[in-house]
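As structure tokens, the structure follows; a few thoughts come after it.
The values are calculated or read from the model by the stated rules, or taken from the named source; none is laboratory data. Please read all numbers here as calculations on a predicted model, not as lab measurements. Neighbour counts run over all protein chains shown; Cβ positions are idealised from the backbone, glycine included.
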Amino acid sequence: MSLKFKFKNICLPEFYLKNLQLRTISNKCIVILIFLSSTLFAQKKNDSYELKIRPASSLIKIDGIMDEAAWKDADLANNFHLVEPMDTSFAKVKTDVKMAYDKDNLYIIAICYHEPGPYFVESLRRDFAFNKNDNFLLFMDPFNDLNSGYSFGANAAGAQWDGLISDGSIVGLSWDNKWTSSVKNYRDHWIFEAAIPFKSIRYRPETTKWSINFGRMELKTSEKSSWAPVPRQFGTATLAYSGNLVWDQPPPLPGQNISIIPYTLGGIFNDHSNKPIIRNYRKGIGTDAKIAVNSSLNLDLTVNPDYSQVEVDRQVANLDRFELFFPERRQYFLENGDLFSNFGYQNTRPFFSRRIGLGVPIQYGARLSGKLNPDLRIGLMNMQTSDSGPDQPSQNFTVLAAQQKVFARSSIGILAINKASLNFSPENAIKGVSRYNRVAGLEYNLASANNTWTGKMLAMKSFSPDEKGNGMMQAANLQYISRHWNINWQHEIVGENYNAEVGYVPRRAYINLSPHAGYLFLPKKGPFVSHGPRISTSFFYNESFKSTDHTNSLSYNLNYRNRATITTRLTNDYVKLLKPFDPTNRSGDTLAVGSEHRWNSFSAGFVSRPQSLYTISLSGRYGGYYQRGTLLNVTSEFGYRFQPYVSLALSSSYNDIHLPKPWSNTQFWLVGPRLDVTMSNKLYFTGFVQYNEQSENINVNTRLQWRYKPASDLFIVYTDNYLPAPFSVKNRFLVLKLTYWWNI
């Protein structure tokens, strides 16, 4: 039985849809976005916050001990401001920060005071979760564009954090580079000390002012704080609220800046699905190179790259009608990757780097990216893949992106993509491989000086040999964020023949309107730091403005002062199937094209306080489903840590689907125990199992990583895949890989 509560169908009036002009929408969005950009052009909010930096007056040893004369002589940044639980006062726990430099390195030291007692961390694993660790972070924008930059830091146990900042506040932690740090603990404070080579970052050598901020998380008091004040509705990485690092003279030139990163590997692969067992031995060498054209422009080269050490994707129970998205993890594609990948929205990405080398090896590639001048970023990439037989000829991928800053923090970007099949034959076309596919377009990004207004508008056009009709994609959004309100309008218009083969566009031939609005109450007392409702809708129409599906939801979020959270949601769904669909994604039986389905559901979630050694995350959904059926989903994760060395987690997802015949009752589990052992902040072991009953697979993956020198690693990776019933081995894979980062 479905739940008995009922939503009224929320629909735009048919007469309005019939008379809606797409060009009118686009033109109005352009006018609104440009108006907001120009009217909100202003000086940086925290421009008065300055930390002066001078050359180190003595040698600095990175040991977490502040006993050098250089630190006594350096200027001090202190008096951190609270961001959470409330941004109206100074932080109770003190943080002192100093910075210095010499001809090779940028130095930073942070003294993080706290109430006596143990600290809270997950482990010594690199790139930890910000909200689950006592930590200190540096956010740095050497170009002062307030949209991109770097982040470095550590948790209280010494685990390193480094990432690239994009979109003004998003820190991507897959990036990895060469730098050193040390953390030392005392009774009432801990010290973080680091040296960041000038060769590891990009900057303008002639400038004497960088945008900078420092963030602190202290879980004992549940305080999140920053040096330059940041409103609580934004993250501490938000560059619009950064202060300034003021140099006594332009920073030193890094000199010849060439890094060669070779690797060698050996491995063995056993295919047990064949009798006799097929055994393949694998060996290989290759290299990456980073060549600084100047201090702000970098050339990346790769020859015969290998990504076998990259952690496998986490499996998910798939009940979706469309392709799932998994993020890029390969290092080569990450630095300045936002230049290429940030065009579009979640489901309308014209470029998605995981399409390159999908199932085939990459032979070589080159990528030039960075700043041509203070306001212009460029990216040019060319990648070549191997021939894998008649099903897949060798292919060449060329991508050009440029981003010109306008107004306070806004920008205009262009993107052009060309995918070409080499030695193309008619047999390739029969197999569904195209001779070429091209996409080009323009995007305008709005980011007001105070980050209250953000948005974008873009238009893309694809070109293919057999493309006919509407090959356009247009989209826009406008978001307003204040202390209490979060309001967003977004629409997408994707043509039937818009074909972005190197992108992520899971559906075509639709118009989507997706507004949402949320409000937060901020009580001064009581168990909650904030709580409030949110309403969101998503309407899909075909190109004739006929409704195909929609989702309407009303949720309420409760955020405790101890950082635990509770979420509840009521949802109303409608789907008119445009293609046959198996609602279990397992049986093979499908629902008919044109069939209509409506249901209501209720969901709730709970995440426990991160300070506990034992943590719980629970969520559930119950309600209607296709064909007047019901769906129960329960997802959980239980974790325990023996800090800072061992972290255990057990995640699970259970689905119980009741449908009429031929499906009847379908149940399946996805279970994933995980073990993280961090012997030090340079030696890690990870092991996890994924039992996916829906796809009838058990995956075992273990990885040992030894960082024997900064950015140089030894990996041992072992992977098994099993058939659950009857229990038997499908395949096994073992690889040993050694990388070395060599600065010339």
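Name every residue in region 284-312 that is of a type outside the set (Ser, Thr, Tyr) and closer than 21 Å to Phe326 by Cβ, in order of residue number.
Within region 284-312, Pro305, Asp306, Gln309, Val310, Glu311, Val312 qualify.
List pairs: first in region 539-566 and without any contact (Cβ under 8 Å) to a residue 24 or more places away in the chain, second surrounded by fewer than 19 Cβ atoms within 10 Å (Cβ to Cβ) and not in a strand (DSSP E or B), Cβ under 6 Å, 6+ apart or cross-chain?
Final answer for the pair search is none.
Exactly one condition in (1) in the same structural domain as Ala228 (by TED's automatic domain parsing); (2) under 30 Å from Lys405 (Cα atoms) is false for Ser123; which is it?
Only one criterion in (1) in the same structural domain as Ala228 (by TED's automatic domain parsing); (2) under 30 Å from Lys405 (Cα atoms) is unmet by Ser123, namely (2).
Are there any pairs, at least 6 apart or on different chains, whose C-beta atoms fall under 6 Å, with the first in region 424-446 and outside the structural domain of Tyr345 (by TED's automatic domain parsing) and the second crowded, with 16+ Cβ neighbours inside 10 Å and in a strand (DSSP E or B), and if so, which?
Partner pairs satisfying both residue conditions: none exist.
I'm trying to understand the selection: among the residues of region 673-690, which are crowded, with 19+ Cβ neighbours inside 10 Å and either farther than 30 Å from Thr180 by Cβ or of a type in the set (Lys, Arg) (or both)?
Of everything in region 673-690, just one residue is crowded, with 19+ Cβ neighbours inside 10 Å and either farther than 30 Å from Thr180 by Cβ or of a type in the set (Lys, Arg) (or both), namely Gln690.
Restricting to region 73-94, what's the tally of residues that are in contact with an Asp or Glu (Cβ under 8 Å, 6 or more places away or on another chain) and of a type in the set (Val, Ile, Thr)?
Adding up the residues that qualify gives 1.
In region 553-587, how many are closer than 28 Å to Thr666 by Cβ and either small (Gly, Ala, Ser) or more than 26 Å from the chain's Cα centre (by Cα) (or both)?
Residues that pass the stated criteria total 20.
Would you tally the residues in region 252-302 being of a type in the set (Gly, Ala, Ser) and not in a loop (DSSP other than H, G, I, E, B)?
7
Restricting to region 151-164, count the residues that are surrounded by 23 or more Cβ atoms within 10 Å (Cβ to Cβ), part of a strand (DSSP E or B) and of a type outside the set (S, T, N, Q).
Residues meeting the conditions: 5.
Can you tell which of Lys184, Lys178 is of a type in the set (Lys, Arg), part of a strand (DSSP E or B) and more than 24 Å from Asn562 (Cα to Cα)?
Lys184
Tally up the residues in region 606-638 that are closer than 30 Å to Pro118 by Cα, in contact (Cβ under 8 Å) with a residue 12 or more places away in the chain and not in a strand (DSSP E or B), please.
Here the count works out to 5.
Pull up region 80-89, narrow it to residues that are farther than 15 Å from Ser242 by Cα and of a type outside the set (Ser, Thr, Tyr), then point me to the one that is surrounded by the fewest Cβ atoms within 10 Å (Cβ to Cβ).
That would be Met86.
Outside the structural domain of Ala157 (by TED's automatic domain parsing), farther than 30 Å from Thr221 by Cα and assigned to a loop (DSSP other than H, G, I, E, B): does that describe Pro660?
So Pro660 passes the test.
For region 539-592, give me the residue count where each residue is outside any strand (DSSP E or B) and touching a helix residue (DSSP H, G or I) at 6+ places or on another chain (Cβ under 8 Å).
Here the count works out to 3.
Within region 419-473, work out how many residues are buried (at least 16 other Cβ atoms within 10 Å of the Cβ), more than 18 Å from Leu400 (Cβ to Cβ) and of a type in the set (Val, Ile, Thr).
Residues meeting the conditions: 3.
On the basis of being at pLDDT 95 or above, within 29 Å of the chain's Cα centre (by Cα) and surrounded by fewer than 17 Cβ atoms within 10 Å (Cβ to Cβ), does Thr537 make the cut?
So Thr537 does not fit the description; no.
A quick yes/no check of all residues on (1) surrounded by 13 or more Cβ atoms within 10 Å (Cβ to Cβ); (2) modelled with pLDDT under 95; (3) over 31 Å from the mean Cα position of the chain (by Cα):
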| position | (1), (2), (3) |
| --- | --- |
| Leu20 | yes, yes, yes |
| Val31 | no, yes, no |
| Gln43 | no, yes, no |
| Tyr49 | yes, no, no |
| Trp71 | yes, no, yes |
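Scanning region 511-537 for residues that are part of a loop (DSSP other than H, G, I, E, B) and among the small types (Gly, Ala, Ser), which turns out nearest to Asn497 (Cα to Cα)?
The residue in question is Ser514.
I'd like to verify a number: residues in region 398-418 that are in contact (Cβ under 8 Å) with a residue 24 or more places away in the chain, surrounded by fewer than 23 Cβ atoms within 10 Å (Cβ to Cβ) and not polar (S, T, N, Q), how many?
9
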